[in-house]
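Participant: Structure provided below as structure tokens; questions to follow.
Just so it is clear, none of the values below were taken in a lab; they were calculated from the coordinates. Since the structure is predicted, the reported quantities are computational estimates derived from the model, not experimental observations. In this analysis, Cβ positions are derived from the backbone assuming ideal geometry, glycine residues included, and neighbour counts consider all displayed protein chains.
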Amino acid sequence: MLDSERDRIFNEWLSGHKGILFKVVHAYAFEHADRQDLFQEIVIQIWRSVDAFRAESSVPTWIYRVALNTAITWTRKEDRHQRGKQPLAVVEGLLTTASAAPDPRVEWLYQQIAQLKDVDRSVALLLLDGFSYKEIAAIVGITESNVGVKISRIKSALAGKRAEEAKP
Amino acid sequence: MNLEDLMEVWRSQDAAPLQGVNETLLRLALRQDEAKQQASGRRAMWFVYIAMAFTVGQMVLFLAIMLELQYREVLSGWDYAVAVVGLAAALTLSRMIYVGYRAQALREQSFGESLRDQVNRQLARIDPFVRFSWANWKVVAIMVLGFGVAAAISFLGARINHKPYEEAWLMVRGGIVYSLIGIGIVGWWLRRLWRRDLAPRKRRLEALLKEFDAE
């Protein structure tokens, strides 16, 4: 693939679906520096994945897949540095703050997602973005029935939290 | 609030993203990665070139030594035997390293694209370091073959200089001592890498794998 063609596809993907990247980054990293590091890692993996995309799945599914694959095995930059492994130089200022204040309901959802285990977090993100059980099973690599079990556990955790917070 | 309401709230981010991206810095990050990838590709190519040069070099060396010995008419049964054993060891060693390298690459490619496959692929990258133990026959075989090559070259090097057999065998012992020191340094470095980086990573990945099946 020509570099210009790869650039064009990547730009299209990024402008159309960067919301997916923010969602994954916010679900797996909690400090600004970590979010910047993870975002950079994900963007690089997506850039590298352009050549491998065969249009067998939709672009959002592909981007979700690459982003979650990166996030789930991502290690904090500080941890890598402590173990003597040189992390990728993070470009400071890569992520900027949004002009509008975040919706408190969205923030609440992220707080609940953060309390889930790593694999359940992926399932929760895909569920909230409307992926079917079959698609979630294929992206995560588990059976549909296991997806069902995980989703019902996530739903009851969310409902329990809402009920707890609604108590006077 | 039911699931549909939560999904509605969740999708509101698409219209008003939580963050923005500095496009100029993003390009810079990608260029950095591209440069890093190219450097890594060049290193991998050099590794292949060096491995090929090493294999060919060993054969040329053995051939040159044998021709020299034949020319000087100092060849004896021992010289032939050592040369044949050394050459066989060099060929087997090169083949084992190449086959191991290929097998690892194929194993990593065999995984699919799901999250679980990604975790398994990461684990497969750690596996060669787990297998680096004296209990593994392949590691022992590589070490023995390495000694064999070093010993044969030392022996024939001594013979080419008209040293008596006693001195030639002394050279073999010297070669083995140097090989042992080299193996000791590599072993220490691998143990350090394992303890500081790979073992915690392996534990984390195995815990993740368990999470996939947890109900």
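Participant: Can you give me the Cα centroid spacing of the range A:1-73 and the range B:156-215 in angstrom?
Facilitator: Their Cα centres are 38 Å away from one another.
Participant: What is the spin-label model distance, in nm, from residue B:31 to residue A:4 if the labels are put 7 Å beyond Cα along the C-beta direction?
Facilitator: Output for this residue pair reads 1.9 nm.
Participant: Next question. Which helices, taking whole DSSP H runs in chain B, have alpha carbons extending 27 angstrom or more along the helix axis plus mean Kyte-Doolittle at least -1.0?
Facilitator: Once both thresholds are applied, what remains is B:23-71, B:77-109, B:137-160, B:165-193.
Participant: Restricting to DSSP loop positions (anything but H, G, I, E, B) with no more than 15 other Cβ atoms inside 10 Å of their own Cβ, which chymotrypsin sites (Phe, Trp or Tyr not before Pro) remain in the range B:1-55?
Facilitator: none
Participant: Partner chain Cβ atoms within 10 Å, averaged over the residues of B:21-31 - can you pull that number for me?
Facilitator: Shielding by partners across B:21-31 averages 6.
Participant: Which value in deg cm²/dmol, rounded to the nearest 500, describes the helix-derived mean residue ellipticity at 222 nm for chain A, given -39,500 (n - 2.57) per DSSP H run of n ≥ 4 and division by the residue count?
Facilitator: When only DSSP H runs of four or more count, the value is -22500 deg cm²/dmol.
Participant: Right, here's the next one. Would you calculate a helix-derived [θ] at 222 nm for chain B, using -39,500 (n - 2.57) for each DSSP H run of n ≥ 4 and dividing by the full residue count, to the nearest 500?
Facilitator: Details: 7 runs with 179 residues, N = 215.
So the helix-based figure for chain B works out to -29500 deg cm²/dmol.
Participant: Pairs of alpha-carbon atoms within less than 8 angstrom and 6+ residues apart define the contacts here; what relative contact order does chain A have, in percent?
Facilitator: Relative contact order comes out at 21 percent.
Participant: If neighbour count is taken as other Cβ atoms inside 10 Å, put B:94, A:122 in order from fewest to most.
Facilitator: Fewest to most other Cβ atoms nearby, the residues stand as B:94, A:122.
Participant: Now for a different question. Kindly flag which residue pairs out of A:18/B:202; A:117/B:210; A:23/B:210; A:23/A:117 have an alpha-carbon separation exceeding 20 Å in this structure.
Facilitator: Cα-Cα > 20 Å for A:18/B:202; A:23/B:210; rest within.
Participant: OK, next. In nm, to one decimal, how far is the residue B:209 label point from the residue B:108 one, both placed 7 Å along Cα→Cβ?
Facilitator: 1.8
Participant: Each label point is 7 Å from the Cα along the Cα-to-Cβ direction; what then is the distance between the points at residue A:45 and residue B:7, in nm?
Facilitator: 2.6
Participant: Could you line up A:17, A:26 from fewest to most neighbouring Cβ atoms inside 10 Å? Display every interim value, and only then the final one.
Facilitator: Details: A:17 17, A:26 23.
Result, fewest neighbours first: A:17, A:26.
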